[in-house]
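Accompanying notes for the structure given below.
The values are calculated or read from the model by the stated rules, or taken from the named source; none is laboratory data. Please read these numbers as outputs of a predicted model, since none were measured by experiment. Here the Cβ positions follow ideal geometry from the backbone for every residue, glycine too, while neighbour counts run over all protein chains shown. Each accessible area value is taken on the protein alone, full model and side chains, heavy atoms only, with ligands, DNA and RNA left out. Shrake-Rupley method; radii C 1.70, N 1.55, O 1.52, S 1.80 Å.
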Amino acid sequence: MSSVIRAESRLRARGEVAPARRAGIIFSDPGDNAFLSSLDAELRPVLYEGEGATRTSFELAVDDHDMHWVILEDGNFQDLVSSTYTVGNAMSANGASESLLAAVFEFYFTGASGDGAYRSATRSYWIYRYDLKAFYPFVPVGDSEGERDRPTEMQLAQSIRKEGVRVESSLEEWLGLWGIPF
Amino acid sequence: MTTFTTRRFNKDSGLVMRMYFTMLMLGFLYGLFALFLWSINFPIIFIGVIVGVMVGVQYFLSDRLIMWTSGAKEVSRAEEPKLYAMVERVAAKAGMPMPKVAVMDSRVPNAFATGRNPKNALVAVTVGICERLSERELEAVLAHEMAHVRNRDMRVLAIANFLVTLTSFLMTMLFWNMLFGGFGGRRDNQGGVIMIVFLVTLVVQFLGQLLVLALTRYREYGADHSGAEISGDPGALASALEKISGVMARIPDEDLRRLQSASAFMIIPAALKGEGGMNLFSTHPPVEERVRRLRELEKRARMGMR
């Protein structure tokens, strides 16, 4: 997951993306996991205490699909990624690895693409699926399922793959997340 | 005045047969269903009127509705001279009146047509498709969309939409009714009847969706065929389809959360999801199959087999 840090700094330097300070971890709550039931209290020491704690702020949310989210916010992208990594690890170390769906990083995509046309920043996401251990880009263009900007996604995938991020190679797995609650 | 010659490809009579057969089956299925509901004195007229009004509004206002929901803006000859002239050329070749032309400010390459008849037609393209396709390919795409209008596919879709919406509406109603009881007091013997109606509706809904899927598939192949006839260039549509959706069609429409929770009730059938027009790149039927058929058509045209 840490490969995104380098990719982000390279792409940002080239003016292709701007991170939006936010990330989220989506998971299902089967209701019988003690760690998940007291997640807020469990995560506080992980993120706020001890030496080298990132102090990334976080909140919990539930989306329209009854899926749970840990939403993280940090102006420092490196800290944001490492906090996301830490939270994911803490959850899977406490018996919730089956519940973890994905980690999602928000970006503004400003990239000048092949056609050279100017366009304003587009909201995009880099989704890391825990089951695939790989990333893929997601650019929704509407709130309903299926509305996504596939050409931009292809282009983004190319960019981040070039920077050493492990991008899921089978496109059929690039499942979307419409209505991300942050 | 310029005259245009359209090349005739031999009619795909098998396709036409299957299409009419499917429509017949659809009519038969829902006819039987109506008879069934009527025979048990189910208040079908009331529901039919509600859904009929809903679908009717969509049908008669389709061009305005779709402009409103997709954010397409109608353009004049002065604003988009090249695109306008291209549509004009296609309309002339197809022997149709000039439709309204609209552009959507989206990078997603797509095109659609709507309108209940050639006089009320609207053809819309995104900025993305104009950027990515060659002139020849774009013209073939426009011809495909105009073919949908000429074949009156919006009407077919509206009727299919009416039938399937009716059953899904009914199913939702019956479902809630079974959960909470209702329709007055005599629950003892009515519960059983409602259960039976629900099960029959479920079966009709399932069969209806299969038939509608087949029907939209045939209409799509049909529009490819007559679109190629209008443009005289089946290969151009094939390469446009390949260029734009070849790889990208593999990126799914589905939500990741579906892996975890099977969605409880599909109120709107996926095949008809909120669209009053014919979308160029619907994943159904498969693009590969459409391309294969167009290439075949191209080959036959080149060999002079008509």
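Treat every Asp and Glu Cβ in the stretch A:3-173 as -1 and every Lys and Arg Cβ as +1, leave all other atoms uncharged, and give the resulting dipole magnitude about the Cα centre to the nearest 20 debye.
Values: 17 positive and 28 negative charges, 210 e Å.
Its charge dipole is roughly 1020 debye.
Considering only A:SER169, A:SER83, A:GLY50, and ranking their Cα positions along the charge dipole of chain A that arises from unit charges at the beta-carbon of Lys, Arg, Asp and Glu, the one farthest toward the positive end is A:SER169. One way to sum up the overall shape of the protein assembly as shown is the equivalent ellipsoid from its Cα gyration tensor, whose semi-axes run 43, 35, 18 Å, largest first.
How big a patch of accessible area, both sides summed and in Å² to the nearest 100, lies buried between B and A at a 1.4 Å probe?
Summing both chains' loss of accessible area gives about 2500 Å².
Distance distribution note for the stretch A:1-71: the fraction of Cα pairs above 17 angstrom is 59%. For peptide B:118-129, the mean count of partner chain Cβ atoms within 10 Å of a residue's Cβ comes to 1. Using only side-chain charges placed at the Cβ, +1 for Lys and Arg and -1 for Asp and Glu, the dipole size of the protein assembly as shown relative to its Cα centre rounds to 2320 debye.
Relative contact order, whole percent, for the stretch A:3-173 stands at 24, derived from Cα pairs under 8 Å and 6 or more residues apart.
Starting from the Kirkwood radius over alpha-carbon pairs of the stretch B:137-245, derive D by Stokes-Einstein at 25 °C in a medium of 0.890 mPa s and give it in µm² s⁻¹.
On the way: Rh = 16.7 Å.
Taking Rh from Cα pairs, D becomes 147 µm²/s.
Stokes-Einstein diffusion for the stretch B:1-154 at 37 °C, viscosity 0.692 mPa s, with a Kirkwood radius from C-alpha pairs, works out to 182 µm²/s.
Tell me, what is the Rg over Rh of the stretch A:3-173, with Rh the Kirkwood radius over Cα pairs? Working shown, then result.
Details: Rg = 16.4 Å, Rh = 16.8 Å.
A ratio of 0.98.
Just from its helices, what would the mean residue ellipticity at 222 nm be for the protein assembly as shown, if runs of 4 or more DSSP H residues each count -39500 (n - 2.57) and the sum is divided by every residue, rounded to the nearest 500 deg cm²/dmol? Intermediate results must be reported in sequence, preceding the final value.
On the way: 15 runs with 243 residues, N = 488.
Helix-only estimate at 222 nm: -16500 deg cm²/dmol.
What is the percent of Cα-Cα separations in the stretch B:7-81 that go past 18 Å? Let's see the in-between values first.
On the way: 1947 of 2775 pairs.
So the portion of pairs separated by more than 18 Å is 70 percent.
In the protein assembly as shown, taking the dipole from charged Cβ atoms about the Cα centre, the farthest positive-side position among B:TYR59, B:PRO286, B:MET23 is held by B:MET23. Each of the peptides A:58-65, B:170-177 was scored by the mean count of other Cβ atoms within 10 Å over its residues; in descending order, highest first, they stand as B:170-177, A:58-65.
Per residue, the convex hull around the alpha carbon atoms of the stretch A:57-158 comes to 129 Å³. Helix A:77-91 and the longest principal axis of the Cα set of chain A meet at an angle near 40°.
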